[in-house]
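Accompanying notes for the structure given below.
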Amino acid sequence: MSTGPETGAGGWSAEIFLAELDDDDRALALFEAALEDPAGVCAVSRLRDGTAGGWTLRAVSEAPPDEAALGVRLAVAAAASGMDAPSVSVAPLAATDWVAEVQRNTLPIRAGRFFVRGTHVTGRSPCGTVEIVLDAGRAFGTGSHESTRGCLLALDRARTPGAGAILDLGTGSGILAIAAAKLWRLPVIAADSDPVSVATACANAALNGVDGLVETRRSRGFSNPLLRGRAPFGLILANILAGPLMRLAPGIARNLHDDGRAILSGLLSEQAAAVAEVYEGFGLPVRFRHRVDGWTTLVVGRE
């Protein structure tokens, strides 16, 4: 693992080359997830080498990555893919607005009826779509990640929530809360434990004209009084990770309306069975599954 100087005024990059992979979407998803830094802002891109074959994956973040933790995550991804751990090049970036760079290279995303674009994309959205405008920034969720697309696809086919409010738990950028508010014109609570995400979701709701429907709150799980007061929910959206989703299972089961649904994502496909088993144990069996390039979204509910 090679490192650059100890300063990176323009951010930091961590780059790996996977010569052994062709079009193995599952392995690519594992390495992309390993490169994402859970402690900092991070955008991951992939580039296919048309001459030599293989893939270059590059993560860009504001702070230098924890190289020891990164090495462990890459080793786990390599072991799960049946290959040796790749070497990593970590280096500071020149002073530049790397978020703007990511935005300029981010194409619009279509997921069912939803059309997600950055503010840099101009022109009309496709006829009949639900437009969501979001930029890469300090909170997770621009529609480009497979787990977010899986959630949007699940929302696209979900029935209109009956009794109970809608909750986006771990809202990140607010994309799912915005999608639900635009789709059904119903009130949504967007909650996150990270104050940056709460502020970002609030700003994005205003950008999309649904700030009158999306109410943001800082909350760790269901700890905020507003969440407890609005329960039970007709729909709960939770695009997080497998471990937190399993820990939240009792709270989600307790705060979900009897005929409600929960859409759960942030799961590598091999983690889905374990998460499904936990929720079934709390009386919430799986009703639908959506698989997108090595990631799975579960829709669970009592009826």
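The values are calculated or read from the model by the stated rules, or taken from the named source; none is laboratory data. All of these numbers come straight from a predicted model, not from anything done at the bench. Positions of Cβ are generated from backbone atoms using ideal geometry, with glycine treated the same way; all protein chains shown enter the neighbour counts. Surface accessibility is based on the protein's heavy atoms, side chains included, excluding ligands, DNA and RNA. Shrake-Rupley method; radii C 1.70, N 1.55, O 1.52, S 1.80 Å.
Table for the structure above
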read-out: Leu169 vs. criteria touching a residue at least 40 places away in the same chain (Cβ under 8 Å), within 14 Å of the chain's Cα centre (by Cα) and open to solvent by 50 Å² or more (accessible area, probe 1.4 Å); value: no
read-out: Failed criterion for Leu245 (all others in (1) on the phi < 0 side of the Ramachandran plot; (2) part of a strand (DSSP E or B); (3) open to solvent by less than 30 Å² (accessible area, probe 1.4 Å) hold); value: (2)
read-out: Condition met for Pro244 (within 18 Å of Ala191 (Cβ to Cβ), over 13 Å from the mean Cα position of the chain (by Cα) and modelled with pLDDT under 95); value: yes
read-out: Identity of the residue in the range 110-128, over 16 Å from Gly174 (Cα atoms) and modelled with pLDDT under 85, that ends up most open to solvent (accessible area, probe 1.4 Å); value: Arg124
read-out: The one condition in (1) surrounded by fewer than 16 Cβ atoms within 10 Å (Cβ to Cβ); (2) in a strand (DSSP E or B); (3) hydrophobic (A, V, I, L, M, F, W, C) that Ala273 fails to fulfil; value: (2)
read-out: Search result, residues across the range 285-303 that are open to solvent by 40 Å² or more (accessible area, probe 1.4 Å) and in contact (Cβ under 8 Å) with a residue 60 or more places away in the chain; value: Phe288, Arg291, Asp293
read-out: Enumerated strands (runs of 3 or more DSSP E) restricted to the range 161-240, each holding at least 2 residues that are small (Gly, Ala, Ser); value: 188-192, 233-239
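Matching residues to (1) within 23 Å of Leu152 (Cα to Cα); (2) among the hydroxyl-bearing types (Ser, Thr, Tyr); (3) in contact (Cβ under 8 Å) with a residue 60 or more places away in the chain; (4) in contact with a strand residue (DSSP E or B) (Cβ under 6 Å, 6 or more places away or on another chain):
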{"position": "Gly212", "(1), (2), (3), (4)": "yes, no, no, no"}
{"position": "Pro225", "(1), (2), (3), (4)": "no, no, no, no"}
{"position": "Leu245", "(1), (2), (3), (4)": "yes, no, no, yes"}
{"position": "Phe282", "(1), (2), (3), (4)": "no, no, no, no"}
